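We did not get these values from a lab; they are worked out from the coordinates using the rules stated. Note that the structure is predicted; figures quoted are calculated from it, not measured. Reconstructed Cβ throughout: ideal geometry from the backbone, glycine too, with neighbour counts over all protein chains shown.
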Amino acid sequence: MEALIVEGGVRLKGTVRISGAKNAVLPIMAATLLTDEECIIENVPNLRDVATMTQLLSFLGADISWEEDVMRIRVKDVKEPFAPYDLVRTMRASVLVLGPLIARCGFAKVSMPGGCAIGERPINLHLRGFETLGAVIDIDSGYVIAKVEGKLTGNRYVFEKVTVTGTENVIMAASLSEGETVLVNVAEEPEVVELIDVLRKMGAEIEEIEPRVLRISGKEKLGGFRHRVMPDRIEAATFIIASTMVGECVDIIDVRCEHLEAVLEKLKECGARFESIDRGLKVYGAEKILARDVETAPYPGFPTDVQAQYMAMMTIAEGVSIITETIFEKRFMHAAELRRMGADIVVEGQRAIVKGVKELKGAPLMASDLRASASLVIAALAARGVSKISRLYHLDRGYEKFDEKLRSLGARVWRVKE
């Protein structure tokens, strides 16, 4: 395994480009199972999770070529609609093959998914959606086994709570079903909209008939597509926060500000300084960081995937902030590691009370999940002294060349073997 050594106290300056979005490319890759034609995906980030999905699709029968940031996928035939535990255990998004496999093959056996240890993320809402479309679901020895006689049949399904992967999974299944499906209380994240755009390119008929309500007219066959993946809004938010904390002047290129309105508005309240430039933002280091409360919420609210990075910034803010996590029940595990650096954080259930301190100090740290790892890196950049962040594989799941990008901005960071 590798760890990251971070020497704090260096001001960041220069230009950095945001990579393609992890949470957009993974469902798009899964959608290639819905057709036997070639699909071309551009701006694909070189991430551990993307490599895992590539392995899974290859196991299922896909022919894949990946050169630089362009991926070509063709699933002429599904060899066997089976996703084994060894390929699924490290990545929750692997469950996204379930809907396409049921729709195309009428049968699927997929291991229960893994991923970050940030609390319960059950897939029961996915499974109820498939059952509503006519699938028979069974759970056996850690595997979801789904069957349908003939084809899935359109129906009306109401999600009990907003779920991103659940929405994506059921939309993909409904796109290749018979008849009309109406989905109520769907997620509206930009990555979901991106998947819908791809499915439309494949020939699917999907329309929003009311806010959070979609009507899908199922098709007998879907075709190939060519699509460029959107920039990663979470990576962009991470660099904006880092630049606010320890930046001098950083140009962040390939940022869609319309995807980050809640984040940018909150950062303004905290004293962040930025201005629009061509295809991005110019971010200046804050003269003073002010403590402000925040509560995570489904899009267009403040994203749970930025909560950890925001907490890192609040550790050195003036005043006291309350961070409320409403999406996942175990997403404050980074708080204990930030306390090792001298942060003043008290966790009370789904709230974290953060009292800003004058400075953080470098320390040995352990990443617990993907976004926690990013929060520890940016906290280490702001700290006095040297930090060592272990379990770097979490970071590599969702950030492309994060350490290289930071070095290009002047940061003193390097990898070491453990």
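When both bridge partners sit in the range 22-228, DSSP labels roughly 75% of those beta bridges antiparallel. Over the C-alpha trace of the range 269-389, radius of gyration and Dmax come out as 14.1, 42 angstrom. For the range 135-149, backbone phi angles converted through the Karplus equation (6.51, -1.76, 1.60; θ = phi - 60°) give residue-by-residue couplings of 7, 9, 10, 9, 10, 9, 6, x, 10, 8, 10, 10, 9, 8, 7 Hz, Gly and Pro being listed as x. For the range 11-25, backbone nitrogen atoms closer than 17 Å to the point 7 Å from Lys282 Cα along Cα-to-C-beta are found at 12-17. Kindly identify the range 97-190 as rounded, prolate or oblate by the Cα gyration tensor criterion: order the square roots of the eigenvalues as a ≥ b ≥ c, call it rounded if a/c is under 1.5, otherwise compare a/b with b/c, prolate if a/b is larger, else oblate. The shape class here is oblate.
So what's the range 22-228 giving for Rg/Rh, alpha carbon basis, Kirkwood Rh from the mean inverse pair distance?
On the way: Rg = 15.3 Å, Rh = 16.6 Å.
Using Cα coordinates only, the ratio equals 0.92.
Given the Cα-Cα distance of Ala51 and Glu80 and 0.36 nm per residue of separation, how much length would full extension add, in nm? Don't skip to the answer; put the middle values down first.
On the way: separation 29, 0.36 × 29 = 10.44 nm, distance 2.00 nm.
That works out to 8.4 nm of additional length.
When the trypsin sites (Lys or Arg not before Pro) in the range 35-122 are filtered for DSSP coil states and for at most 12 other beta-carbon atoms within 10 Å of their beta-carbon, the remaining sites are Lys76, Lys79. Working note: Karplus 6.51/-1.76/1.60 with θ = phi - 60° gives the range 277-288 the couplings 10, 4, 6, x, 9, 9, 10, 9, x, 5, 5, 8 Hz, where Gly and Pro are set to x.
Listed by chain and number, the lysines whose C-alpha is less than 17 Å from the C-alpha of Lys417, apart from same-chain residues fewer than 8 away, are Lys388, Lys401. Each of Glu400, Glu160 was scored by other Cβ atoms within 10 Å of its Cβ. Arranged with the fewest first, they read Glu160, Glu400.
Report D for the chain in µm² per second (integer): Stokes-Einstein, Kirkwood Rh on Cα pairs, 25 °C, 0.890 mPa s. Answer from the Stokes-Einstein relation: 112 µm²/s. I'd like the antiparallel share, as a percent to the nearest 5, of DSSP beta bridges with both residues in the chain. Here the antiparallel bridges make up roughly 70 percent for the chain. With r defined as the distance between the Cβ atoms of Glu265 and Lys358 and R0 fixed at 22 Å, what FRET efficiency is calculated, to the nearest 0.05? Efficiency for this residue pair is about 0.20.
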